[in-house]
Amino acid sequence: MKEKILNILGELRQYAINKGISAAFFYHEEDSYLMRFANSAISLNTNEHLVRLEITTYDGRKRAEYQMITDLNQVEQMKAGIDTAAEMMKHTQPLSYDPTIPLYTETYADESSYDQALAQLSNEEKLAYFNQAAEGLETGEITLSGIFSSGTNITAQINTRSEHTQYFKSSDAQVNLVLSHGAQKWEILAEQSAQQKADLDPAAVHSELAFLSHVYTTTVPQQIPVGTYDIVLGSAAIGDLLDLMNWIGFSGGMMKRGFSFTTQEQVGKPVFSEKFTLVDDPTRRETFPYKRDVSGIERKPFPLFTRGVFDGYTWVQDDADEYGAQPTGHTVMHKSLVLHCGDQPVDSLEALVSMPREKDLLYIPYLHYMNIVNPSRGLITGSSRFGALLLKKDGSVAVPFNVRLTQSLLDIFGEKLQWLSSTEKIANTSMSYGARNPKAIVLPAFIRVNGLEISHSNSAF
Amino acid sequence: MINELKQQIERLRNAGATYVDARWYPLEESSDLTMWNGNLKNATASRESGVGVRVLYKGAWGFSASSDISQLAGLFDKAFDNARVAAERVTFPVRLAEKDAIQASFTSPNEIDPFTVELSEKVDFLKEMDSLMNQSGVVQRASGMTFMKKQIIFVDSEGSEIEKKIIEVFPAIQVMGVDAQGVTHTRKYQPGRIGATRGWETMDRKLFTDNAARIVKELNEVLVAEDCPRDTRSVILLPGIMFLQTHETIGHALELDRILGYELAYAGGSFVRLEDFGKLQYGSSKLTARADATLPNTPGSFGYDDDGIPAQNNLLIDKGLLVGAITGRQMVEEANAKARKPIFNGSGGANRATSFYRVPIERMTNINIDFGTDGTLDDIVKNTEKGVILDGEKSWSIGSNREQFHFATDIGWVVEDGEVKHVVKNATYRGETVKFYNSLTAVGDESTWEVQYVDNCGKGQPNQVMQLGHGVPVCRFDNVTIGE
C-alpha cells in the first residue's frame, strides 16, 4: 500500500510539473473503528475507511487549495483536482508575503509508531476488553458507557520542488469507560491510551473504576460551599488544560494575532512556577509523534517552558512566512507535549486518598466543556466531572456535586502550583472531529494547586 | 447506483437484518475563503463522495462507510458484521417507530448557486469588507465565507427513497482590537436568515457594509470601556447571544438520546428525566420553545431527516412547561417503553448525520423561542431598573448535564433606571438552567425576533458537526450573576 500511495503521489507531481503548476500534496488515509457503549450495550459499532487529498498550488505569492475525499482508484479525479486548484489560484489575490513550498532533501518514511496488532484488533477483542474492564461493576442502576476507538493513520507528502516524499504511519487506540448512576446521575471515568497492543491493560482500568465506584456507592454526595480550595487535578484535567495552553500559550501565530496570554517580551523570563517544565518531545512514542513536520524539518525535543521560564514560541511554516520568523518544526497535525513530573510520590488515586493532609483537598479528575473566557489573560472555565472527591483533612472522603472553576492558566501553573506527582501518565486528547489525528500528552498523574476559587457549586449531579 | 443499493439492502434483509438503509452522497462540495488583515489566507474548495450503510440486527446497530464505492457488497457486509458483534451486548433492543414509506425530494431555497459565482467575485467581496473594516482601533480583521452544496440519496428497507439537494452559505466578518490592559476584544457579524433564500444572494453588500461599520464602532467603544461589574442584576440577551443560550441549555438538554444516556461517555447527559415531560416547569410562562424544521430557509430545515421522516414543528416547552424533545425513530420507542407510557407520538424527524461517513443521531433542527408581547428592545430597556444588555458569543461552557452554564460576551451595555448608560467589556454571566429560565421576565415582540444560524454544532462519537438554526427574540432574565 505504501508503494501505491507514493507512486500515485509521484504521478500527481509529474502531472503538475507537466502542466507548469507548482503544487504540494498532502495525503491522509484513515482506517477508523469505533465501538461505542451506552446503557451497558454497544450502541454503535462503526468503521470508516477514508482517503483525503489536499492539493495546494502556488504561483509566487498566490495560493489556492483543493481538498477531496476520494480513493486510490480515482487518480484522474485527483488530477482534475490539481487543475481546479490551479484555476482557482488565477482568481485569488497575492499574499503580502512569500509562502514557502517545502523542499524535501531526502525521502523519509517512519512507520515506527505502527503496531499491526493494535491496528487490526478485532471486534471480539474490543468487546472482551470492555467486558473485563467493567466486570462486576455494572448493576441495574449503574450502567456502562464508553468508546473503544482504534485505527490506522497514514499521512504522506510530496511537492513539485523535489521528487522526495515523506510518509508516516501510526496505530492508535483511545479507550474510555464511564460508569453512571441512572437516578443519582453521578459519573465516573477511567481512560487508557495505546500506541501498541501491549499498552492495553483492562485490569488497570477496572481497578480505577472499582475504586471510584466503591467510593461513590458508599458515600452520599453533597454540595460543597463556593470559595477557595486547594485542588488536586487528575491527568485528564491537566491534559485538557495543556491542550488549551497549546492554543493560546506558545503559538507564535496566535500571539501575533492577539490571542495569547504570553508576549514576545516574556521570552526568557519566568511565566510559570519553577516546578513547571513543558517540552514538545517527539521522541516519546506515546504521543503518536511526527518526527518530521510537513515542511521537512526534523523534529527534536523543543523546550517550551523550563522551570517556569518561557523558552519561546512555536512557529508553523505559514505563520513564520507571514511574520518573518523561523519555522520551528511545528507544521504538524499535533505536537508531542510532555509535562515533566515532579517529586510528589503519589502513583494512584488510592495513594492520593491515603496521603496525610493538613487541610481539605478537592480532587478534580476531569474538567468538562472547558472554554477560553479571555485568551489575553489565559482565563478558562469548566466544570468538574467524572469522579471528583473532597479529601478531608481528617482522612475521610466525601463526594462533591460538580463545581465550576473559572481561573487563569497563569495561576494554575504559576505560583499556586504546589506539587506535581512523580508518576507519569498518558492523557489521550484525540478528538474524532474530521480527519483521524491521534494525539496524547505525557504528564504527571496528579498536580496540586493551592488557593483556586470555585465560583459555582451544584446542588445535584 | 440506486438499484445497486436497493439490491444490497434486500440481500442483507434476506440474510436476517431487521432494517437497512444507505445514504449515498454522489457529490458534496464546499468552498471556504478566509481573508485576514488583507491576506487571502485560505482559498479552499473540496469535494467528497461515498456511501454510508446502517444495519439493524437483533436490536443492535452496525455502520460502515467508504469513499470507495467500487466494493459495495463488501461495505454492506462490513456494516452487517459490525451489527452482529454489537448484538452480543444488547440491553434494550433497538426498535424503530413506525413511519410511512416515502418517495420524495427536497431542495433548499436559493436564487443564485454560490458555486456558479466566480472566485474572483467572492475575493472582491472579501477585499471590500476587509477595506471597510481597516479602521482606527482595529488591529486584526477577518472575513470569510463558507459554501456547501450536497446531494443526498436515501434508500431503506422499508421502501423509502428520498433525494435532498442542500446549499448552505455561512459568511462572517469580525474585527479585533487591544485595550489599554493588553486584552484583545472582538466584535463580529454573522448573518442568519436575511431573506427567503440562502444562495449567493445572502452576500448583500449593503447589509455587510452597514454591519462592518457597526462592529468597528462597537469595538472602539469596548476598547475604552470599563470592566463588567461583578454583580447580580437583570440581563437582556440580544439574539446574538440568546441563540447560543437556547442552543446549549434548551437544544442540547432536550436531545432525547442525551436524555436517555447515549452521550454520557462524551459531552454528557441532561438534567431532564423522562418523568419530567408534562411536569417540569422549565421556565416562566413567557417561555415557549419549539423544534421547527418547517421554518422556511434555514439550515435546520432539511425536508426529511436521515431516518426518512418528514420535517415537523414540535413544541418543546409550552408556556414554561416541558412537553417535548428532539427525537428520532429509535429513541422515542425506547423512551416510551422506559417511561411505561406514550410520551412521544412517533419520531420528531430530527435524526441527522453530518456526512455519508457518520451515523445519524438526534440533532437540533431550528430550536426557536416564540416571540412575546413585551415590546421592542427599547420597551424592555425602559422597563428594566438595573440590568445589562449582552451580545456576541465569546465563550460558552455548560455543566455535564446542561444544568448550569457560564457565558462570556463580546459587549455589554449597562442599563440603569430604564436607560442605557454605557458600554462594558469582559462581560460574563452564569446561572442554573431551570432557575434561569424561570426568571425570564420579558420576551421581545416580533421586531426583536431573528433567526441565527449555527454552522459548527458538535456532537457524538465519532464526532459530527452539524448546521442548524435558532429563531430567538430579545429576552430579559432577572437576578443573574454577572462579571465572574
Inter-chain shielding metric for A:141-148, i.e. average beta-carbon neighbours from other chains within 10 angstrom, reads 3
Within the under-12-Å Cβ sphere about A:Y216, not counting A:Y216, Lys/Arg +1 and Asp/Glu -1 give a net charge of -1
With a 1.4 angstrom probe the carbon and sulfur portion of accessible area for segment B:2-224, in percent, totals 46 percent
Output for segment B:374-479: GluC sites (Glu not before Pro) sitting in coil per DSSP, at most 15 other Cβ within 10 Å, listed by number, reads B:E385
Sites removed, the longest contiguous part of chain A containing no DSSP-loop trypsin sites (Lys or Arg not before Pro) with at most 11 other Cβ within 10 Å is A:1-358
Listed by chain and number, the residues whose amide H is under 5 Å from that of B:G460, excluding neighbours fewer than 5 places away on the same chain and using placed H, are B:A267
Buried by partner chains in segment A:160-193 (accessible area down by at least 10 Å² vs chain alone, 1.4 Å probe, heavy atoms, protein only) are A:N176, A:V178, A:S180, A:K185, A:E187
Measuring from its Cα centre, segment A:59-189 shows a charge dipole (+1 at each Lys and Arg Cβ, -1 at each Asp and Glu Cβ) which, in debye to the nearest 20, is 580 debye
Karplus-derived 3J(HN,Hα) from phi for segment A:89-98 (6.51 cos²θ - 1.76 cosθ + 1.60, θ = phi - 60°), whole Hz, x at Gly and Pro, runs 4, 4, 9, 7, 10, x, 6, 8, 9, 8
Going residue by residue through segment B:86-91, the Karplus relation 6.51 cos²θ - 1.76 cosθ + 1.60 with θ = phi - 60° gives ³J(HN,Hα) values, rounded to whole Hz and with x marking Gly or Pro, of 4, 5, 6, 9, 10, 10
Taking Cα pairs closer than 8 Å and at least 6 residues apart, the relative contact order of segment B:227-482 in percent is 28 percent
Expected unfolding gain across B:K58-B:A337 under the 0.36 nm per residue rule, minus the alpha-carbon gap, is 98.7 nm
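Within 10 Å of each Cβ of B:60-73, how many other protein chain Cβ atoms are there on average? Can you show the working numbers first?
Numbers: counts 5, 7, 6, 6, 6, 6, 6, 11, 8, 1, 3, 2, 0, 0.
The shielding value for this peptide is 5.
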The alpha-carbon center of segment A:61-120 and that of segment A:313-331 are separated, in whole Å, by 19 Å
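Probe radius 1.4 Å, ligands and nucleic acids ignored: give me the carbon and sulfur share of the accessible area of chain A as a rounded percent.
Details: 7720 of 16080 Å².
Of all accessible area on chain A, carbon and sulfur atoms account for 48 percent.
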Here the relative contact order (percent) of chain A, from C-alpha pairs under 8 Å and at least 6 apart, is 15 percent
On complex formation of A with B, accessible surface lost, both sides summed, probe 1.4 Å, nearest 100 Å², amounts to 7100 Å²
Mean per-residue count of partner chain Cβ within 10 Å for B:50-56 equals 2
Across the alpha-carbon set of segment B:250-391, Rg over Rh with Rh taken as the Kirkwood radius works out to 1.02
Scalar couplings 3J(HN,Hα) for segment B:5-10 by Karplus 6.51 cos²θ - 1.76 cosθ + 1.60 (θ = phi - 60°), nearest whole Hz, x for Gly and Pro, are 4, 5, 5, 5, 4, 5
If the label point sits 7 Å along Cα→Cβ of B:N345, residues of segment B:290-310 with amide N under 11 Å come out as none
With the full set of protein chains present, the residues of segment A:346-374 whose 1.4 Å probe accessible area falls by 50 Å² or more relative to the chain alone are A:H368, A:Y369, A:N371, A:V373
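Dipole magnitude of the protein assembly as shown about its Cα centre, charges +1 at Lys/Arg Cβ and -1 at Asp/Glu Cβ only, in debye to the nearest 20?
Approximately 460 debye in magnitude.
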Scattering profile of the protein assembly as shown from the Debye formula, Cα beads only, expressed as log10 I(q)/I(0) at q = 0.04, 0.07 Å⁻¹, is -0.17, -0.56
One would report the antiparallel percent of DSSP beta bridges in chain B, rounded to the nearest 5, as 90 percent
From DSSP H assignment alone, runs of 4+ in the protein assembly as shown each adding -39500 (n - 2.57), the sum over residues rounded to the nearest 500 puts [θ] at 222 nm at -6500 deg cm²/dmol
Judged on accessible area alone, 1.4 Å probe, highest first, B:C475, A:C341 line up as A:C341, B:C475
Rounded to whole angstrom, the alpha-carbon centroid of segment B:167-214 lies from that of segment B:413-451 at a distance of 22 Å
Among segment A:399-421, those whose backbone N falls under 18 Å of a label point 7 Å along Cα→Cβ from A:R307 are A:414-420
Long-range amide H partners of B:L287, meaning residues 5 or more apart or on another chain whose placed amide H is closer than 5 Å, are B:G320
Computed over chain B, the relative contact order (Cα-Cα under 8 Å, seq sep at least six) in percent reads 16 percent
Dimensionless Rg/Rh of segment B:366-481, both radii on Cα and Rh by Kirkwood, sits at 0.98
Taking the square root of 5λ for each eigenvalue of the C-alpha gyration tensor of chain B, the equivalent ellipsoid has semi-axes, largest first and in whole angstrom, of 40, 29, 18
Subtracting the Cα-Cα distance of A:D201 and A:Q120 from 0.36 nm times their residue separation yields 27.5 nm
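Leaving out ligands and nucleic acids, and using a 1.4 Å probe, what accessible area per residue does the protein assembly as shown come to in Å²?
So the protein assembly as shown comes to 34 Å² accessible per residue, rounded to a whole number.
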For segment B:227-482, the percent of accessible surface on carbon and sulfur atoms (probe 1.4 angstrom, ligands and nucleic acids excluded) is 46 percent
So for R0 = 35 Å, FRET eff. of B:E201-A:D59 from the Cβ-Cβ r, to 0.05, ends up at 0.65
Using alpha carbon centers only, segment B:283-337 is separated from segment A:408-443 by a whole-angstrom value of 39 Å
Contour minus Cα-Cα span, A:Q14 to A:Q223, at 0.36 nm per residue, comes to 68.6 nm
Comparing each residue of segment B:21-40 in the complete protein assembly with the chain by itself (heavy atoms, probe 1.4 Å, ligands and nucleic acids ignored), those losing at least 20 Å² of accessible area are B:W36, B:N39, B:L40
So for R0 = 51 Å, FRET eff. of A:T107-A:E274 from the Cβ-Cβ r, to 0.05, ends up at 0.70
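The values are calculated or read from the model by the stated rules, or taken from the named source; none is laboratory data. Only a predicted model underlies this, so the values are computations on that prediction, with no experimental measurement involved. All Cβ positions, even for glycine, are placed from backbone atoms using ideal geometry, and neighbour counts span all protein chains on display. Please note that ligands, DNA and RNA were not included when accessible areas were found on the heavy atoms of the full protein model with its side chains. Shrake-Rupley method; radii C 1.70, N 1.55, O 1.52, S 1.80 Å.
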